[in-house]
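First up is the structure itself, then whatever we jot down about it.
The values are calculated or read from the model by the stated rules, or taken from the named source; none is laboratory data. Keep in mind the model is a prediction, meaning the values are calculated, not measured. Neighbour counts are summed over all protein chains in view; Cβ atoms, including those assigned to glycine, are modelled from backbone coordinates with ideal geometry.
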Amino acid sequence: MELGCNTVNFRKMDLDYALEKIAEAGYEYVEVEANLKWCSHADPWKDDPVKFKDKVKSFGFKGVSAIGSHRELITSEQGVKDIKRALEWAHDAGVPVILTGEGRIPEGMSVENAISILKPRYEEILEVAEKNKVFLAIEDHGSISLTPDGLPGLLRLVKSEWFGVNFDTANIHRGDYVGTDSKGYEWKMGTKSRYDEVELLKKVADKVKHVHIKDVVGRKAVTLGKGEINLKGCLKVLKDTNYSGVLSYETEGFEDPEEAFKMILDSKEFLINALRNL
């Protein structure tokens, strides 16, 4: 498994600052956020993909592990357009994975109705993913996927080798997520109940293309190994299923830059030791 870090940890700063600090901390891979007003370190509608690729390379990274492009796919046709554009852009930028979630089911809509909306939208998006040879990785990051059976059920909607999972180790544990749209962002309660992260991972491990390695105390993201998440249990599942991709350390970026830098340094040390002792 490879070590990476998400630029969202420095979402209050610009992309160059985030890349500089993540490289300084010694990470070989970087994940870049394209999440509208939450963290717009990349914009597939505006940025030149080749210049983006060259910029990342200039900081010494082996590559970009993924682009985070979460959208409210149940309620937004624009979200579908955004993900399709992100997949095309990622192909030209040399990025292997686009991350997203299904979003939140609006009040009064049934799960069955939401799924009937999502299925053709996923089909439409995955046609673009296959054409561009870029994985669409859905995250445990919405009303349906934040349950032990929800994420596996979404994966069964469309059969495609380009359809996979970005597994976030903390989201299903705390049961909520940040929703984004063109107007802004909102911390949204995903489920009334919280579930076990290892239980969910075991159900989808063979489809994992990317990992958000995250630890939390309550809702707050913390340095790896300092929180409530069974990180070693998750890492063992990934090892047992021969996952060889990137573990991307992620917080929500509420910390000031100095604290964020210490967190990414200490989290990298935790990961090195944890992987060595698996």
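When only residues in region 100-126 that are under 13 Å from GLY79 (Cβ atoms) and in contact with a strand residue (DSSP E or B) (Cβ under 9 Å, 6 or more places away or on another chain) count, which is surrounded by the most Cβ atoms within 10 Å (Cβ to Cβ)? Out of the qualifying residues, it is GLY101.
The sole residue among LYS239, LYS232, LYS268 that is of a type in the set (Lys, Arg), within 26 Å of TRP38 (Cα to Cα) and at pLDDT 95 or above is LYS268.
Listed by first and then second residue, the pairs with beta-carbon distance under 6 Å, at least 6 apart or on different chains, first residue in region 221-242 and over 14 Å from PHE167 (Cα atoms), second crowded, with 19+ Cβ neighbours inside 10 Å and of a type in the set (Ser, Thr, Tyr), are ALA221/THR251; THR223/SER267; LEU224/SER267.
Any idea which of (1) touching a Phe, Trp or Tyr at 6+ places or on another chain (Cβ under 7 Å); (2) charged (D, E, K, R); (3) farther than 30 Å from ASP266 by Cβ is the one LYS21 doesn't satisfy? It is condition (3) that LYS21 fails.
Looking for whichever is surrounded by fewer than 23 Cβ atoms within 10 Å (Cβ to Cβ), basic (Lys, Arg), farther than 19 Å from HIS141 by Cα and at pLDDT 95 or above here; the options are LYS202, LYS226, LYS207. Which one fits? Can you show your working first?
Numbers: LYS202 fails: farther than 19 Å from HIS141 by Cα; LYS207 fails: farther than 19 Å from HIS141 by Cα.
Answer to the check: LYS226.
If ILE172 passes every condition in (1) modelled with pLDDT under 95; (2) β-branched (Val, Ile, Thr); (3) assigned to a strand (DSSP E or B) but one, which one does it miss? With respect to (1) modelled with pLDDT under 95; (2) β-branched (Val, Ile, Thr); (3) assigned to a strand (DSSP E or B), ILE172 is out only on (3). No other residue among GLY60, GLY103 is touching a residue at least 24 places away in the same chain (Cβ under 8 Å), within 19 Å of TYR29 (Cβ to Cβ) and either assigned to a helix (DSSP H, G or I) or not polar (S, T, N, Q) (or both) apart from GLY60. Restrict the check to region 210-219 and report whether at least one residue is part of a strand (DSSP E or B), β-branched (Val, Ile, Thr), within 23 Å of GLY153 (Cβ to Cβ) and at pLDDT 95 or above. Looking through region 210-219, at least one residue is part of a strand (DSSP E or B), β-branched (Val, Ile, Thr), within 23 Å of GLY153 (Cβ to Cβ) and at pLDDT 95 or above.
Here ALA114 passes the criteria (1) more than 19 Å from LYS209 (Cβ to Cβ); (2) part of a loop (DSSP other than H, G, I, E, B) except the one numbered (2). So for region 66-89 (the condition being outside any helix (DSSP H, G or I), within 30 Å of ASP240 (Cα to Cα) and charged (D, E, K, R)), does at least one residue qualify? Checked against the condition, which is being outside any helix (DSSP H, G or I), within 30 Å of ASP240 (Cα to Cα) and charged (D, E, K, R), region 66-89 yields no hits at all. Of all residues in region 67-79, at least one satisfies being closer than 23 Å to MET1 by Cα, modelled with pLDDT of 95 or more and not small (Gly, Ala, Ser). Scanning region 19-61 for residues being under 17 Å from CYS5 (Cβ atoms) and among the basic types (Lys, Arg) gives a total of 3. May I ask you to verify whether GLY179 is over 18 Å from CYS39 (Cβ atoms) and either modelled with pLDDT of 95 or more or surrounded by 18 or more Cβ atoms within 10 Å (Cβ to Cβ) (or both)? When the stated conditions are applied, GLY179 does not pass them. For beta carbons closer than 7 Å, sequence separation of 6+ or different chains, a first residue in region 116-138 that is over 18 Å from GLY153 (Cα atoms) and small (Gly, Ala, Ser) and a second that is at pLDDT 95 or above and part of a helix (DSSP H, G or I), the qualifying pairs are ALA129/LEU87.
What's the total number of residues in region 123-147 that are part of a helix (DSSP H, G or I) and either of a type in the set (Asp, Glu) or within 22 Å of ILE172 (Cα to Cα) (or both)? So the count comes out to 4. The residue of region 4-61 that is farthest from LYS209 (Cα to Cα), among those that are modelled with pLDDT under 95 and aliphatic (A, V, I, L, M), is LEU36.
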